[in-house]
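To start, the structure under review is shown below, and the notes come after it.
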Amino acid sequence: MKKKITASLFWVVQASSLLVLFVPFSAGMLALWAVSHFLRAIGLTLTYHRYFAHRAFRMGRVTQFVWALIGCAAMQKGPLWWAGHHVTHHKFADREGDPHSPIISGFYHAHLGWFLNDMRHDHLPESNPVVRDFGKYRELRLLDEYYWAPPLLMAIALYLYGGLQWLAWGFLLPTMTLAHATFAINTINHLYGSRRFDTVDESRNNPITALFAVGEGWHNNHHRYQRSARNGFYWWEFDPTWYVIKAMSLLGLAWDLQPVPERIYREARERTAARVDPEAAEADA
């Protein structure tokens with residue numbers, strides 16, 4: 001029953017995003033969409049992904065809860081569930097056992113099917129490293145159990161403040177765009193884009209998904225070195241999540257930021273040189 005309720009609510013929100021066609025449009029509403037989409041996206045990528053799943057930096061208990069709450073409002077289930085399954089994804093990337101590989105299970109299952117319909121992914125064992133290490137925080141357990149509450153409260157607040165217009169532009173449309181921006185990392189970024197590193201999986205860098213998923217689109221970088229606090233390894237790779245983490249560190253809200261090791265940059269340079277001039281690269285080797 002829990003699975004069916006989750007799937008039904010998901011599709012209701014997806015379809016209801018069309019309400020933006022029937023309510024007034026303004027630049028202010030476009031700004032409302034952007035704030036709702038990108039703020040909650042950073043909540044997901046900063047906390048669910050780089051913090052809970054990869055321990056790319058450290059932060060205090062209050063800060064981790066605030067960002068987890070923002071991420072939970074994205075309507076992509078709880079932080080322990082999300083991060084725990086992501087750890088499994090890296091363990092079996094594009095091989096049997098990966099919960100969302102388009103190579104193994106097809107595009108639809110990797111994009112949405114695993115999230116909505118597969119009973120195998122409803123629960124995580126206590127031995128999962130994310131559950132084991134972060135499940136000790138009662139507030140995170142509550143978010144994981146009542147993951148539907150933050151998005152519901154957000155939707156109610158927006159409706160009470162601005163009616164259908166604010167609900168449509170501030171919750172329904174950005175929840176839909178954010179869902180597909182997030183899930184595109186599982187699908188688009190394992191099918192289309194460039195490969196700076198020769199990883200065992202099919203991960204790829206894609207600047208378009210990086211834009212809408214606030215830096216997560218540098219996926220081949222990430223699969224080559226998961227621990228880094230930044231997915232955009234170079235200044236020209238747009239990574240708003242990294243900018244926020246860096247700003248937090250300057251304010252004392254984050255510390256122990258994990259850098260990209262020099263050996264990874266050296267590998268990138270060598271592979272780039274090999275592509276540009278294979279004969280010279282062979283001679284150097």
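Label-to-label distance, ARG61 versus TRP148, with points set 7 angstrom from Cα along the beta-carbon direction: 2.9 nm. Between GLU270 and ALA247, the modelled label-to-label distance comes to 3.8 nm, taking each label 7 Å out from Cα in the direction of the beta carbon.
On alpha carbon coordinates alone, what is the Rg over Rh value for segment 42-154, Rh being the Kirkwood radius? Mind showing how you got there, number by number?
On the way: Rg = 13.7 Å, Rh = 14.3 Å.
We get a ratio of 0.96 for segment 42-154.
Between segment 17-85 and segment 198-214, the alpha-carbon centres lie 19 Å apart.
With a simple spin-label model that places each label point 7 Å from the Cα along the Cα-to-Cβ direction, the separation between SER105 and ASP256 comes to 3.2 nm. The Kirkwood hydrodynamic radius of segment 163-208, based on inverse pair distances between different Cα atoms, is 12.3 Å.
Could you state the orientation-averaged shadow area of the convex hull built on the Cα atoms of segment 130-220, in nm² to one decimal? Can you show the working numbers first?
Values: hull surface 32.1 nm².
Taking a quarter of the hull surface, the average projection is 8.0 nm².
Lysine pair count for the chain with Cα-Cα distance under 28 Å and sequence separation of 8 or more or different chains is 13.
With the charge dipole of the chain set up from +1 on Lys and Arg Cβ and -1 on Asp and Glu Cβ about the Cα centre, the Cα lying farthest toward the positive end among the listed residues ALA93, ALA68, VAL260 is that of ALA68.
Relative to the Cα centre, the charge distribution of the chain, modelled as +1 at Lys and Arg Cβ and -1 at Asp and Glu Cβ, gives a dipole magnitude of about 760 debye. What label, among (1) 18.8, 57; (2) 19.4, 69; (3) 17.9, 53, belongs to Rg and Dmax of the Cα atoms in Å computed from the structure on display? For Rg and Dmax of the Cα atoms in Å, the calculated option is (2). A straight chain from ASP133 to ILE208 at 0.36 nm per residue would run longer than the Cα-Cα distance by 23.6 nm. Between LEU30 and VAL12, full extension at 0.36 nm per residue minus the direct alpha carbon distance yields a gain of 4.3 nm. Placing +1 on each Lys and Arg Cβ and -1 on each Asp and Glu Cβ, with no other charges, gives segment 142-213 a dipole about its Cα centre of roughly 280 debye.
FYI, it's all coordinate maths here, none of it is from the lab. These figures come from a predicted structure and were not determined experimentally. Because the Cβ atoms are built from the backbone with ideal geometry, glycine has one as well, and the counts that use them run over all protein chains shown.
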